[in-house]
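Asks: Input: one structure, supplied below.
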Amino acid sequence: MLRAQPQPGIELPSGDIMTSIFFTDDSTLLSNSLPAAVVQMEIVDEFSTMSGARLNQRKCMTLVLNDHLDPADTEADELLNILPSGQPAKYLGVLFGHRLPVDFQVQILRDKFLAAFPMWGGRARTLQGRKLLVSTMLLSMLWHVTTAVPIPQHIVDEIQSMTNKFIVGRKTLRTDKFRALLDRPLQHDKAMGLGIPHIASIIRQQRLARLQQLMANPSGDGTPSWRPLVHRQFASVMGQLYRDSYPFDFLFYFPNMSSKWIALRELHPLWRDVWKQWSAIPMSKRVETPPTFDMVMNMPLWLTSYEPMHYGRLKYSACLASAPNIRRWCLQGASNGLRSLKDFLNTDGSWPTQAMFISRMSQGNPAARVRLNAARGRMEFTAIERAVPIYLHLTQVYEQVRGLFNLRAGARSPGIPRTNHPFFGTVKETSQSFCSWPKKKLFSLAYHAPPVTSHPAKSATRVTPEDWTKYMRFVRRACRAPTPVQGDVWLRLILHMLPVNSRFAYKQLTDPEAITCVYGCGNVETEHHAFHTCNEVFPTWQF
């Protein structure tokens, strides 16, 4: 019945009209106005009556999506229960509301996460047990929300700190203090350390997975309705730099909020975070397979972060256009279709002269000035300030790119075809596009915890990280033989995590015997002393 009357629905950029969203027992009506919402509710009420059911109007909440409209000022029939401003409503596990504070959902999630530690704190006694408990029962509360809500960095750091504090030190309160007794890189490394989940890396993986969904090729079921909306947002952000044939040019740019070239305020915070997380990954990891000459010639030029297209101290050409009039002149050139090196080439594949460059950049610019060239007897565009340095910079970039592919200087490149984006990587010895990368490779791309540079198990026979990984694999296998508590002690001993008194030398100013053995033998209590040479312990080894 709703599909038969699509007029009250919301029209998408593609021309399709959406009237409703259904997920299991949740039904959502999409209306373009309050009268349209009343019409749709009457349709649902009629359907419920005819089917022998009854519509529970008290549970039907109407959310005003326009923040500039006050729900208290709206008048609706009795069928509509309009949600007041500032009051949240949960939909598919995520809170929505009118004029909610920006960090409302994040603060609710943070408080819920921190409150769970005292409740679960006594359930596990070992490192592995607490890590399993955090991964399955505590962090699982986060992932559903972090997929759809951007999390500020200070909240991520607080969640990570509490996770490490609970797993390593068995602390359950945010105010508890402890010493980790293990370097931070080894806390997160799965092969050589404890493998504590790195929250920031997992969130980055979620953002990359969302970007994969945006870049995926249309399936047999058609394009998801949300994808054209996101593309339209990025087109609005990029402005005159946007190319319909290359909608993912923004992946070469950095989301700089202070940039005058792009309007980042037009982008939804979630996709702004997706863009930010993508830009934080080194370009060598994003472009694993070396691109071809045709690919580089089709890449965006003005704000590119692709290093082979940087030249000199200023790197990209936009740095030469800091003044407003020069920036407007460059953006006018971009709107004329000059957005890549290929766009500047002449029809015969040669690089344009300075006069040709200025003419093409100035076409359609109402602020451009012309002059009479008496020698040639024609009108020409006058070069504005910085036009010549910009031309020389682009020429140097063009020659530099040709040199990377060992192309002869002065040779022409006619008929360069349109190519795909260069974000390809090797998967099972085959080159695959980023949107097809498997989950394991995606996590490797997103993982950015501090790297391991040294290891407690380092010795004359174990020098490289591969040796440390092999040794720790043997240690974990051996620690499964005794009881979990004993295995936990031996794992701590291998990683030098035991709180022996020799670690507390700073207490000697107030307590000179702070580093001596607890059994009173007078020796410094090191790990070797506490587990082997102490007079109270050594008889156990003899036995």
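Throughout, read-outs are computed from the coordinates displayed, never taken from laboratory work. Worth saying up front: this structure is predicted, and the values here are computed from it rather than measured. Every residue, glycine among them, receives a Cβ derived from its backbone with ideal geometry; neighbour counts consider all protein chains shown.
Asks: What does the net charge come to around residue 281 if you take all other residues with beta carbon closer than 14 Å to its beta carbon, with K and R at +1 and D and E at -1?
Replies: Net charge in that neighbourhood comes out at +3.
Asks: Counting Lys and Arg as +1 and Asp and Glu as -1, each charge on the Cβ, what is the dipole of the range 1-104 about the Cα centre in debye, to the nearest 20?
Replies: Dipole magnitude for the range 1-104 comes out near 320 debye.
Asks: Each label point is 7 Å from the Cα along the Cα-to-Cβ direction; what then is the distance between the points at residue 436 and residue 173, in nm?
Replies: Result for the modelled spin labels: 5.6 nm.
Asks: Efficiency by 1/(1 + (r/R0)^6): what FRET value for residue 28 and residue 83, r their Cβ-Cβ distance, R0 = 22 Å, to the nearest 0.05?
Replies: Once rounded, the FRET efficiency stands at 0.95.
Asks: How long is the gain from residue 136 to residue 1 if the chain were fully straight, where each residue apart is worth 0.36 nm and the alpha carbon distance is subtracted?
Replies: 44.3 nm
Asks: Can you list which of the trypsin sites (Lys or Arg not before Pro) found in the range 322-398 are DSSP loop residues with at most 13 other C-beta atoms within 10 Å?
Replies: Passing sites in the range 322-398 are 369, 376.
Asks: Hey, what do the phi angles of the range 452-462 turn into as Karplus ³J(HN,Hα) couplings, whole Hz, using 6.51/-1.76/1.60 and θ = phi - 60°, x for Gly and Pro?
Replies: 7, 10, 9, 8, x, 8, 5, 8, 5, 9, 10
Asks: Scanning the chain for GluC sites (Glu not before Pro) in DSSP loops with at most 13 other Cβ atoms within 10 Å, what's the longest stretch left with none?
Replies: Value returned for the longest uninterrupted segment is 79-384.
Asks: Please give the length that would be gained between residue 395 and residue 229 if that part of the chain were fully extended, namely 0.36 nm times their separation in residues minus their C-alpha to C-alpha distance (nm, one decimal).
Replies: The span from residue 395 to residue 229 would gain 56.0 nm if fully extended.
Asks: Any idea what the relative contact order of the chain is, in percent, if you count C-alpha pairs under 8 Å spaced at least 6 apart?
Replies: Reported as a whole number, the value is 11 percent.
Asks: Still on this structure: Report the local net charge at residue 162: Lys and Arg +1, Asp and Glu -1, summed over other residues whose C-beta lies under 9 Å from its C-beta.
Replies: +2
Asks: All other residues with a Cβ under 14 Å from the Cβ of residue 440 taken together, and with Lys, Arg as +1 and Asp, Glu as -1, what is their net charge?
Replies: Charge balance in the 14 Å sphere: +4.
Asks: Among 330, 31, 539, whose Cα sits farthest toward the positive end of the charge dipole of the chain (+1 at Cβ of Lys/Arg, -1 at Cβ of Asp/Glu, about the Cα centre)?
Replies: 539
Asks: Sticking with the crude label model, points 7 Å out along Cα→Cβ, report the distance from residue 496 to residue 314 in nm, one decimal please.
Replies: For residue 496 paired with residue 314, the spin-label model returns 5.1 nm.
Asks: So how strong a dipole does the chain carry about its Cα centre when Lys and Arg Cβ are +1 and Asp and Glu Cβ are -1, to the nearest 20 debye?
Replies: The calculated dipole for the chain is roughly 1800 debye.
Asks: Quick one: of 190/285; 165/458; 285/428, which pairs are farther than 19 Å apart, Cα to Cα?
Replies: From the list (190/285; 165/458; 285/428), the Cα-Cα distance tops 19 Å for 190/285; 165/458.
Asks: Another question, if that's okay. Residue by residue, what Karplus-based ³J(HN,Hα) values in Hz, rounded to whole numbers, does the range 62-75 have, using 6.51, -1.76 and 1.60 with θ = phi - 60° and x for Gly and Pro?
Replies: Values, residue by residue: 9, 9, 7, 7, 7, 5, 7, 9, 8, x, 5, 8, 8, 10 Hz.
Asks: Using helices alone, what [θ] at 222 nm do you get for the chain, with -39,500 (n - 2.57) per DSSP H run of 4 or more residues, divided over all residues and rounded to the nearest 500?
Replies: When only DSSP H runs of four or more count, the value is -11000 deg cm²/dmol.
Asks: Mind giving me the nanometre distance, one decimal, between the label points for residue 91 and residue 335, set 7 Å out from Cα along Cα→Cβ?
Replies: Distance between the two pseudo-spin positions: 3.6 nm.
Asks: Give, rounded to the nearest 20 debye, the magnitude of the charge dipole that the range 463-542 has about its Cα centre when Lys and Arg contribute +1 at Cβ and Asp and Glu contribute -1 at Cβ.
Replies: The dipole of the range 463-542 has a size of about 460 debye.
Asks: What angle do you read, to the nearest 10 degrees and between 0 and 90, between the alpha-carbon axis of helix 104-120 and the longest principal axis of the chain?
Replies: For 104-120 against the chain, the angle is about 20 degrees.
Asks: A follow-up question, please. Say the dipole of the range 53-169 comes from +1 at the beta carbon of Lys and Arg and -1 at that of Asp and Glu; which of 53, 115, 69 then lies farthest toward its positive end?
Replies: Checked the options; the winner is 115.
Asks: Give me the Debye-computed log₁₀ of I(q)/I(0) at q = 0.05 Å⁻¹ for the chain, equal point scatterers on Cα only, no solvent, two decimals.
Replies: Log-scaled intensity ratios, in q order: -0.35.
Asks: With r defined as the distance between the Cβ atoms of residue 379 and residue 280 and R0 fixed at 41 Å, what FRET efficiency is calculated, to the nearest 0.05?
Replies: Efficiency computed from Cβ-Cβ geometry: 0.25.
Asks: Assuming 0.36 nm per residue, please report the length gained on full extension of the stretch residue 125 to residue 463 beyond their Cα-Cα distance.
Replies: The span from residue 125 to residue 463 would gain 118.4 nm if fully extended.
Asks: Through the Karplus equation 6.51 cos²θ - 1.76 cosθ + 1.60, θ set to phi - 60°, convert the phi angles of the range 247-256 into ³J(HN,Hα) values in whole Hz; use x for Gly and Pro.
Replies: x, 10, 4, 5, 5, 8, 9, 9, x, 8
Asks: Could you give the distance between the Cα centres of the range 276-294 and the range 190-223, to the whole Å?
Replies: 16 Å
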